[in-house]
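Since the structure comes first, as structure tokens, the remarks are kept for the end.
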């Protein structure tokens, strides 16, 4: 294969899974150089629609030290177990004691093979399959003791082939009147600092998802609850501008009807769950220009542990054949096959040192060949 023309090797490699290619790096120096070439990473990114998503688990450990670890999960007779390489997770982040307590890490966003993770003191970009993590330039946090009042979104600008991180923060908060003033910063991968931009979201925002060259947030109903019903805040990565996207007219928003945004086969979708039943509705934005929403799926996810006591759907993400739902009250997940309408429930095995398995984060993720080495000193 070493005698094949370079363009043919690039074409072949660009169609193979990231995990397999990274293992191929040890075949020869030639293969390693080809796989590490940024040009191949760009080629592979255009083929990522064919890449099967991995199911990842982010878990905080509370043993002798505080540690956040990332694992890939695999099914083993109905139990999801971490896949480890030499008994090591894909990512380990050790927390330190600060004046505000133990430093905790939060998965903020992910896009095209990279994760954006934040703590009280730092923002990290990580390629977990390469086991590379990069600390971004520091940002000034107005409310260091309240990390949930900061939001980071990660996106990709196709016009420049550049990753961008967006930081939405509160410049001012009056908790008596619940009035606020927001600000926005943007970081372009490879630059030396964040830059504040004039465009700010019209409303407070919650958890983001990247779809169709924009980052989308559900509005944060801790502020102005009545005014926030029926709104999604979207940030155009190329134009660096915010706009509002309305919810479907028939959707129910509120404490007993939690909603989550997902990327469903390349379309923005809303997962609407009802805490009082096992019903889940999936709305898909079919036309971005006309803001046309279609109720594409009405699901019923029944299980003995579902919606009993404090159980509820805490997150949703797509899989190769359907959707994965995390039960917020237990360490279980449900996989709904959209083709067969079948539901399978899985227990996530307990890992040594973990005390709160119900607080783990489960999400699906497509890998990338991009190396962060050329963008700065790795952790």
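Within the stretch 120-136, being surrounded by fewer than 18 Cβ atoms within 10 Å (Cβ to Cβ) and farther than 12 Å from residue 379 by Cβ holds for one residue alone: 121. Scan the stretch 54-70 and give yes if some residue there is assigned to a loop (DSSP other than H, G, I, E, B), modelled with pLDDT of 70 or more and closer than 13 Å to residue 364 by Cβ, otherwise no. The answer is no; no qualifying residue exists.
Applying the condition of being under 14 Å from residue 70 (Cα atoms) and outside any loop (DSSP other than H, G, I, E, B) to the stretch 96-107 and asking which residue is modelled with the highest pLDDT yields 107. Scanning the stretch 1-54 for residues that are in contact (Cβ under 8 Å) with a residue 60 or more places away in the chain and exposed (fewer than 12 other Cβ atoms within 10 Å of the Cβ) returns a single hit, 49. For residue 331, state whether it is crowded, with 20+ Cβ neighbours inside 10 Å, at pLDDT below 85 and either more than 16 Å from residue 280 (Cβ to Cβ) or not assigned by TED's automatic domain parsing to the domain that holds residue 94 (or both). Criteria met by residue 331.
In the stretch 338-362, which residues are modelled with pLDDT of 75 or more and over 17 Å from residue 313 (Cα atoms)? Give the steps one after another, and end with the answer.
Initial filter on the stretch 338-362 (modelled with pLDDT of 75 or more): 338-349, 360-362.
338, 339, 340, 341, 342, 349 - these are the residues of the stretch 338-362 that are modelled with pLDDT of 75 or more and over 17 Å from residue 313 (Cα atoms).
The values are calculated or read from the model by the stated rules, or taken from the named source; none is laboratory data. If you're wondering where the values come from, they're calculated on a predicted model, not measured in any experiment. Glycine also receives a Cβ, built like all others from the backbone with ideal geometry; neighbour counts cover every protein chain displayed.
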